[in-house]
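Enquirer: Sharing a structure, written as structure tokens. Questions coming.
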Amino acid sequence: VQLMASDPNWYDPQTNLPSVLRNSGAWTVPLEVPLDIGATTEIDSPEAIYYSGTFDEYPLLYLYGAMQDPVIENETTGDVLDLTGATIADGDWYEIDLRYGYKTAVDNDGVNKIAELTAASDLATFRLASILETGDGVNIVRFTASGAGVNTRFVVQYRNRFVSL
């Protein structure tokens, strides 16, 4: 008997949704006309994502605008997703699906944005490295962008995957 599975690895059904970055650099001065002051427009945010799986995970990435020239680098593996030249308007978002058999980049309207990834991007190999590779399960993911606003966010969605039980 031959069995086929679209996702043949054991995985924890609990989805992890760490919000790697939420831009909260603005503060409001109580005036008759609200005024935001101090918003950070340049982002360079390295974050440690603890991944306890024993099998590499190819996550879903969400980029919520406003932002320009976003770049995502997993410093642990050296993989990069470079969207230099792309602009995501406030209220819009991109989804980058790195799962096996998908490898897509679309905006909130479902429009294909894969052409906005530069040739230097590692779409096929970008992943969260397993605890077997890292030793401690820590993947340092650096997110950089310019033109950020108060709604700017970067989210990594993943499941812990295992070679066996």
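Enquirer: Lys and Arg at +1, Asp and Glu at -1: add these up for the other residues within a Cβ distance under 12 Å of GLN157 and post the number.
Expert: -1
Enquirer: Any chance you could run the full-extension gain for ALA119 through VAL106? It's 0.36 nm times the residue separation minus the Cα-Cα distance, nm to one decimal.
Expert: 3.0 nm
Enquirer: Could you compute the net charge surrounding ILE131? Neighbours are other residues with a C-beta less than 15 Å from the C-beta of ILE131; K and R count +1, D and E count -1.
Expert: With Lys, Arg at +1 and Asp, Glu at -1, the neighbours total -2.
Enquirer: Taking the mean number of other Cβ atoms within 10 Å as a proxy for protection, how do you rank 96-105, 116-125, 50-59 from highest to lowest?
Expert: So the order, starting with the most tightly packed, is 50-59, 96-105, 116-125.
Laboratory data are not the source of any read-out in this text; all were calculated from the coordinates shown. Nothing here was measured: the structure is a model prediction, and the numbers come from that model. Because the Cβ atoms are built from the backbone with ideal geometry, glycine has one as well, and the counts that use them run over all protein chains shown.
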